[in-house]
Amino acid sequence: MIAAHDVTPVLTLDGQRRLIVGEEIGRGPQGAVYVGRLESRSEGLTSEPLRGVGSQASLMRTVAVKVMDPALFHDTETMAELVRAVRRLALVRHPNVVQVTDYFVASQCPCIVQDLVDGLSLAAFVARWASARRRLPLDLALFIACEIAEGLSGARAAANVDGTVLNLVHHNLTPRQVLLSWHGEVKVGDFGWRPSAGMISGIRRTHGDVHAHVSYLAPEVARGARGDGRSDVFSLGVILHEMLYGPRFTREQSAREVLDLVRDGVVTRPLIAPHVPAAISAIVERACDLDARVRQPHAGVLAYDLRREALALGVGDGRMFLRSALFEMAEGVDGHDTV
């Protein structure tokens with residue numbers, strides 16, 4: 001793992017910009033996330049010098065700095081794959097996707113600069129509802145799932161500078177990668193970096209990590225396949241299943257049991273399940289099918305199906321309701337737990 005002192009606190013990115021790395025706000029199997037302040041200086045930014053400022057002005061904004069664990073990128077091939085993924089993600093412009101703005105290497109650690117989403121992760125949000133022995137309202141769960149699907153679809157449809165469609169796949173979607181802002185926005189981060197076999201093997205060591213990072217994998221990905229858009233559909237199906245019915249697996253199951261069940265594509269539902277409209281239940285069941293050929297072919301289709309049923313129930317723009325729910329459930333929750 002990476003300690004805070006492994007990253008230089010002040011980094012000069014080019015002649016006009018510097019990045020000040022602050023406190024750690026999250027940690028996971030791929031590395032750690034820090035709050036950063038990006039300062040850009042530009043001469044002639046104003047037509048006339050401001051009193052006490054002069055002709056050179058400084059622009060500042062708060063960002064998130066994701067410092068990857070160098071142990072995961074010990075060879076040139078793996079590092080090149082990460083760079084390609086970051087470059088593709090930087091081309092995505094979508095309101096439901098966390099924007100990547102920069103990439104560099106410091107102290108042999110790959111570092112990704114992205115927009116800071118001020119709020120809670122979906123994992124923290126759902127955990128708070130569970131600790132209060134309450135389930136997310138159907139309309140709120142549907143709104144969040146629709147926004148996630150729109151983000152996945154937007155990343156898939158993003159194009160390179162030459163117009164080539166990126167067809168970007170997330171590969172490792174969990175509630176930790178979904179961020180809910182205080183403004184009621186839903187944003188998906190950490191696209192394009194698939195979990196390696198070594199990472200999945202390492203997760204065996206910690207029971208909690210299995211549930212947090214592996215329970216949402218599609219069975220073909222858990223078996224070591226590359227996966228495609230249908231694998232993301234499965235992961236989102238499991239996330240929606242969890243919001244509607246509860247966790248995919250119980251906490252009492254061992255790490256080995258969970259990994260075996262994930263590879264078999266098992267998605268369990270409680271014996272006494274809350275009522276969910278049949279059309280929505282059918283969408284979730286199709287998304288979570290063991291056979292990838294049965295699932296919605298990509299997130300765009302799933303987004304359409306979910307939005308259609310949401311509108312039929314009168315669920316439109318749910319940002320106001322999400323804002324209210326976030327503030328209600330925010331007390332005592334650390335929402336910056338995704339890396």
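Structure notes:
- Rounded to the nearest whole Hz, the Karplus-based 3J(HN,Hα) values (6.51 cos²θ - 1.76 cosθ + 1.60, θ = phi - 60°) of the range 147-163 follow the sequence 5, 4, 4, 5, x, 4, 5, x, 5, 5, 8, 4, 10, 6, 5, 8, x, with x at glycine and proline.
- Cα gyration tensor, the range 119-329 - rounded (a/c under 1.5), prolate or oblate: rounded
- Hz values of 3J(HN,Hα) by residue in the range 107-113 - Karplus curve (6.51, -1.76, 1.60), Gly and Pro given as x: 6, 6, 9, x, 10, 10, 9
- Cβ-based net charge around Ala273, under 14 Å, with every Lys or Arg adding one and every Asp or Glu removing one: +1
Only the coordinates and a few stated rules stand behind these numbers; no lab work does. Because the structure is a prediction, the values reported are computed rather than measured. Here the Cβ is made from the backbone with ideal geometry for all residues, glycine too, and neighbour counts use every protein chain on show.
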